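Inspection log for the structure reproduced underneath, given as structure tokens.
Each value in this text was obtained by applying a stated rule to the coordinates, not by laboratory testing. These numbers were taken from a predicted model, which means no experiment stands behind them.
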Amino acid sequence: MQGKNYDEAGRWFQKAIVTDPGNVEFRIDYANLLIRMNKNKDAVDALELALKMAHTPEETAAVENVLQTELRFEAERANLLRQGLTPLEGARRGGKGVARESSSGVIDARGMYTPQPDYTEEARQDGREGACVVSLIVGVDGRTSNIVVTKKLGLGLDEKTVATVRNWRFEPARRNGRLVPTHLTLTLQFKLFGNHKILDLSERIKGGDAAAEFELANAFFAGTDIPRDESRGAALLERAARDGLPEAQFQMGERTYGDGGNREHYVAAYVWYVLAQRGGFEQSQAKAAILAAEMSPAQMSEAQRRLDNWTTPSAK
């Protein structure tokens, strides 16, 4: 699915199917790979065989969802060919032309806004983890459509996934420099990280625990027991600092000051260092003194004004 070696991936899928021929999910995954390889007839054949192997209503529905999406693509492409148009020309003329990834002249669609779906409370309580796989179309406007869950997790996670992916935005795919629609198959992972440690921190944060905000921020920065996420870490760090935690205030000073190359950040960095010093974080004193020597009189005046107007959480 990373698009690095489709042929090798296909061989591994075939081995998996031989090892466990009754596993319908393996067959669906293999069909999705064939679709990405532009082997559309082979994909349909694989899905039709998977349909015969399905034993439960859930398995049947999962196969039918992918199969119907693929058949709609094939019908649209056949319609364009009857009109004497290639899929690319159909898209260029404003139709619903279908484009697939290929090794020639194609730049894949690239996610621009792709937030992860939230857990449902039911899934949390059940400890449900795993992958939800969706098939979708990215249009020339970068919006998603025809979102189909091809591998379900249940307990509301599939619905959460569809609702979230519906709001995703992409930079559209291009073929030979022109915008084209494209068909993607994506896997979204749901995992309860760190044996519920992250959940515990989240609950403490709801109660306004600045130490929990700081700990979870650093987990996001480091990717410890949770996927690395700089923006979420930064937001939590600032919350902890504004809630009066000296360690967080010092770290905000460090991150704001950076390498010291941007003088526009000096005032904000100095304020964070002084707040951390007031809270008893001793390392801040030296950092504040060094920064004060580099600041202009106007910057020092502005920093002092901000400090004089600073309102601690307990005083709000």
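Miscellaneous remarks
- Contour excess over end-to-end distance, with Cα ends at ALA235 and GLU264 and 0.36 nm allotted per residue: 8.4 nm
- The per residue volume of the convex hull around the alpha-carbon atoms of the stretch 192-243 is 57 Å³.
- Equivalent ellipsoid of the stretch 240-316: semi-axes from √(5λ) of the C-alpha gyration tensor, largest first, are 19, 14, 10 Å.
- Contour excess over end-to-end distance, with Cα ends at THR114 and LYS191 and 0.36 nm allotted per residue: 26.0 nm
- In terms of its alpha-carbon gyration tensor, the stretch 169-316 comes out oblate; a/c meets the 1.5 threshold, while b/c is at least as large as a/b.
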